[in-house]
Amino acid sequence: MTSISISVAVGVATFGLGMLGLYLKRLLPARHMPTGSKEMIGAIMGLVSLLLALVLGTLVGSAWGFFASQKANIETLCARSLELDLAFRQYGLETQPLREALRASMTGVYDAIWGNAPRISSNSTLAPICRDSRNGTKRSPRSAPIRQRRPSCCRP
């Protein structure tokens, strides 16, 4: 069952039982409803209303907190990916495949966040690019000349 169907079922059950209570109130003789009982029922209804308001307030607060933290994480991811793209651009044409892979990865992340993709793949698109094209092994950045060093994300 989905959460929507559960919510609808609880709402229908609550409404139906409330209507049943109103119907049974008419059937109850007046001698069984003294003023003290009416006041006690009113106090209990006030308590239930207060508890319901507290629960709904907590629910809304936790949902907003989750949304705010997710929004902050997405903003941080975007800012860091832009910084990485700018750093790649400063290295020149050698990092163009990295920039394209970063753009493809960020497109995949965007689609996964907004529901256009099933989920984020666990395989990184940057990993094959970080391998040396000549022999298929990772190249140590310290052994490479200074201008050919790879960014920190691709270091072994």
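The values are calculated or read from the model by the stated rules, or taken from the named source; none is laboratory data. These numbers were taken from a predicted model, which means no experiment stands behind them. Don't worry about glycine lacking a Cβ; one is built from the backbone with ideal geometry, like all the others, and counts go over all protein chains shown.
Answer yes or no as to whether G115 is at pLDDT 50 or above and either part of a loop (DSSP other than H, G, I, E, B) or among the aromatic types (F, W, Y) (or both). Against the criterion (at pLDDT 50 or above and either part of a loop (DSSP other than H, G, I, E, B) or among the aromatic types (F, W, Y) (or both)), G115 qualifies. For the condition at pLDDT 90 or above and β-branched (V, I, T), T125 does not qualify. What number of residues in region 60-78 are at pLDDT 90 or above and either more than 22 Å from N116 (Cα to Cα) or of a type in the set (D, E, K, R) (or both)? The total comes to 6.
Applying the set (1) surrounded by fewer than 10 Cβ atoms within 10 Å (Cβ to Cβ); (2) over 30 Å from I113 (Cβ atoms); (3) at pLDDT 90 or above to T35 leaves exactly one unmet item: (3). Just one of (1) surrounded by 10 or more Cβ atoms within 10 Å (Cβ to Cβ); (2) within 30 Å of W114 (Cα to Cα) fails for M40. It is (2).
Would it be correct to say that T95 is at pLDDT 75 or above, surrounded by 13 or more Cβ atoms within 10 Å (Cβ to Cβ) and in a helix (DSSP H, G or I)? For T95, the condition - at pLDDT 75 or above, surrounded by 13 or more Cβ atoms within 10 Å (Cβ to Cβ) and in a helix (DSSP H, G or I) - is met.
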